[in-house]
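Structure record follows, encoded as structure tokens.
The values are calculated or read from the model by the stated rules, or taken from the named source; none is laboratory data. This one's a predicted model, so the numbers in the text were calculated from it and none came from an experiment. Heads up, the Cβs are rebuilt from the backbone with ideal geometry, glycines too, and the neighbour counts pull from every protein chain shown.
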Amino acid sequence: MNPLIAQLQSIVGAAHVLHEGDLTAWEQDWRKRSRGKALAVVRPGSTAEVAAAVRACAAAGAAIVPQGGNTGLVVGATPDATGTQVVLSLQRMNAVREIDAANLTVTVEAGCVLQSLQERTREAGWLFPLSLAAEGSCTIGGNLATNAGGTQVLRYGNARDLCLGLEVVTAQGDVWDGLSGLRKDNTGYDLRDLFIGSEGTLGIVTAATMKLYPLPAATLTAWAAVPSLDAAVRLLGLARGRLASGLTGFEVMGQFALSLVTRHFAQLRVPFADSSPYGVLLENADHESEAHAREQFESLLEAALEDGCVTDAVVAESVAQAHQLWHVRESIPLAQAQEGLNIKHDISVPISRIPEYCAQTDALLAREVPGARLVNFGHLGDGNLHYNVQAPEGGDAAAFLRDHEQRVNDLVYAQVLRFGGSISAEHGVGSLKVDSLPHYKSPVALAMMRAVKRALDPQNLMNPGRVVRV
Ligand code: FAD
Ligand code: ZN
């Protein structure tokens, strides 16, 4: 047996070092775009065990791939094909260590599944607002490592905004206890923010202290039919003005994206499906009462109808109806998968420029990649669109991707650059975009990123080949 495997067994117990049998769940990424081969999957049960496992790997010169729920979308949590990398899964470290009601914080281990963290804090009477379609499987450590966004960002911010402190095992196997829970701390460089969004390339997050919020008294959902993206941006402005911090969700969906939902999930009812180029899902969380929330929503929608930025609207009458509306939004990626292979983007541009970005880029794609079908939807309230491209109707999707994926990406990203945006607003870089990044990030920024990587991980053992190459 490989001596490193034996050593890892002595650290975490033989039962928690997997190196034989079917390791697909750890070796294949969620979108099945890549299948690697691990030397072993090690599943430590404590921070001390993570540290000891990292020291053992470092001594053996073995690269480590941290993994949470393996729901990442950029091939960042699975090993390469060499059979030499160790997958370090945080799944067993899932305890909620402490809820501090007076400090409005929860301290939680990295492997805790997001949905169970939401449930645990709700039981204690508090809201943990991070929310995304993968919440039943993704972990808080993975959320922090990718700085996940989701559907509540416009009110509560992304994972970074929700985090007050981290516990990290460094590439050397030291433990940094930064679980302060402080809202103010100006004692030098912000190490916490360095690790958030670093996708496992600088160290391993083993625990975090996260912000909690009061639970709203009522949360209502509405669906508005809007005639254009311009109108959607106007509606966002109106909603911000009238609902203020009550506005917790603002999602836009193009008609073609919605038609895929209708096609593949016939049981789901899409409101105003045929009559409107875009649908917008709005959420209003109110701290007073349901009646107050409904009144506010209705007066907003009346004003929007008068303005013309909305042509029709409906406010969900019950929690079940609200869930149905959200279910439509969340089914778009699944409907896309059913329709066939596709090219995904998670771009951001300033909200004010989104209509112009889409008008120009839609036209460019139609001209340069005939037949490509645009599946445009996303978190308009954050300036973040999933500006995806589906292969032509009835065509060979695999051949389309082979021949056109690079060209489509080049077109979309060049436009992003022109509009002052980002090629990844949510999913991160991973290995999927590691070679694109240098084209869209300034050389000065890249040089600083490499300097940080070299300083914190001089052996290049933490998730090598992801985010930035050194
Ligand atoms: P993994 O996939 O296991 O890992 C992701 C990256 O983080 C890898 O680079 C890995 O090495 C690193 N990592 C994981 N755990 C740690 C740790 N403890 N320490 C250091 N590094 C670590 N993302 C969004 O932002 N917004 C969305 O709305 C959204 N919706 C999604 C919907 C679906 C259906 C799916 C499948 C994914 C979605 N994602 C979304 C992407 C994904 O869910 C997030 O990136 C999530 O945060 C990943 O968490 P995870 O635990 O699965 O991480
Ligand atoms: Zn998203």
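Points to keep in mind about this one:
- The listed residue being part of a helix (DSSP H, G or I) and over 21 Å from the mean Cα position of the chain (by Cα), out of 92, 122, 155, 183: 122
- Segment 194-218, residues that are within 21 Å of the chain's Cα centre (by Cα) and more than 14 Å from ligand 1 (Cβ to nearest atom): 209, 211, 212, 213
- Among (1) buried (at least 17 other Cβ atoms within 10 Å of the Cβ); (2) away from ligand 2 (no atom under 16 Å from the Cβ); (3) over 20 Å from residue 340 (Cα atoms), the one test that residue 459 misses: (1)
- Segment 304-341, subset over 30 Å from the mean Cα position of the chain (by Cα) and touching a residue at least 12 places away in the same chain (Cβ under 8 Å), residue surrounded by the fewest Cβ atoms within 10 Å (Cβ to Cβ): 308
- Filtered residues of segment 9-39 (kept if away from ligand 1 (no atom under 15 Å from the Cβ), among the aliphatic types (A, V, I, L, M) and out of contact with any Pro (no Cβ under 9 Å at 6 or more places or on another chain)): 14, 15, 17, 18
- Filter result (among the charged types (D, E, K, R) and not in a strand (DSSP E or B)) within segment 215-257: 230, 234, 240, 242
- Residues of segment 39-72 that are more than 25 Å from residue 137 (Cβ to Cβ) and not in a loop (DSSP other than H, G, I, E, B): 48, 51, 52, 55, 56, 57, 58, 59, 60.
Residue-by-condition table, conditions (1) farther than 30 Å from residue 250 by Cβ; (2) crowded, with 16+ Cβ neighbours inside 10 Å; (3) at pLDDT below 95; (4) within 16 Å of ligand 2 (Cβ to nearest atom):
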position: 355; (1), (2), (3), (4): no, yes, no, no
position: 359; (1), (2), (3), (4): no, no, no, no
position: 371; (1), (2), (3), (4): yes, no, yes, no
position: 386; (1), (2), (3), (4): no, yes, no, yes
position: 395; (1), (2), (3), (4): yes, no, yes, no
position: 411; (1), (2), (3), (4): no, yes, no, no
position: 415; (1), (2), (3), (4): no, yes, no, no
position: 421; (1), (2), (3), (4): no, yes, no, yes
position: 425; (1), (2), (3), (4): no, yes, no, yes
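- Meets criteria (at pLDDT 95 or above, in contact with a Leu (Cβ under 8 Å, 6 or more places away or on another chain), part of a loop (DSSP other than H, G, I, E, B) and away from ligand 2 (no atom under 16 Å from the Cβ)) for residue 75: yes
- First in segment 451-470 and touching a residue at least 60 places away in the same chain (Cβ under 8 Å), second anywhere and acidic (Asp, Glu) and in a loop (DSSP other than H, G, I, E, B), Cβ under 7 Å, 6 or more apart: 463/199; 465/80; 466/199; 467/199
- Annotation: of all residues in segment 103-143 being hydroxyl-bearing (Ser, Thr, Tyr) and more than 9 Å from ligand 1 (Cβ to nearest atom), the one that is farthest from residue 30 (Cα to Cα) is 105.
Yes or no, residue by residue, for (1) farther than 30 Å from residue 215 by Cβ; (2) touching a helix residue (DSSP H, G or I) at 6+ places or on another chain (Cβ under 8 Å):
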| site | (1), (2) |
| --- | --- |
| 239 | no, yes |
| 244 | no, no |
| 253 | no, yes |
| 256 | yes, no |
| 278 | yes, yes |
| 294 | no, no |
| 303 | no, yes |
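- For segment 130-148, the candidate set comprises residues that are assigned to a loop (DSSP other than H, G, I, E, B) and touching a Leu at 6+ places or on another chain (Cβ under 7 Å); within that set, the residue that is nearest to ligand 2 (Cβ to nearest atom) is 148.
- Among the residues of segment 239-262, at least one is surrounded by 17 or more Cβ atoms within 10 Å (Cβ to Cβ), touching a residue at least 60 places away in the same chain (Cβ under 8 Å) and among the charged types (D, E, K, R).
- Restricting segment 158-175 to residues that are free of Cβ contacts under 8 Å to residues at least 60 places away in the same chain and in a strand (DSSP E or B), the residue that is farthest from residue 99 (Cα to Cα) is 168.
- Meets criteria (assigned to a loop (DSSP other than H, G, I, E, B) and either under 26 Å from the mean Cα position of the chain (by Cα) or under 24 Å from residue 152 (Cβ atoms) (or both)) for residue 270: yes
- Hey, residue 301 more than 30 Å from residue 31 (Cα to Cα), away from ligand 1 (no atom under 16 Å from the Cβ), of a type in the set (A, V, I, L, M) and surrounded by 14 or more Cβ atoms within 10 Å (Cβ to Cβ) or not: yes
- Of all the criteria given as (1) under 25 Å from the mean Cα position of the chain (by Cα); (2) not in a helix (DSSP H, G or I), the one not satisfied by residue 188 is (1).
- Residue among 370, 355, 392 that alone is away from ligand 1 (no atom under 14 Å from the Cβ), part of a loop (DSSP other than H, G, I, E, B) and in contact with a helix residue (DSSP H, G or I) (Cβ under 8 Å, 6 or more places away or on another chain): 392
- Selection of segment 95-106 for residues being in a strand (DSSP E or B) and touching a residue at least 40 places away in the same chain (Cβ under 8 Å) yields 97, 99, 100, 105, 106.
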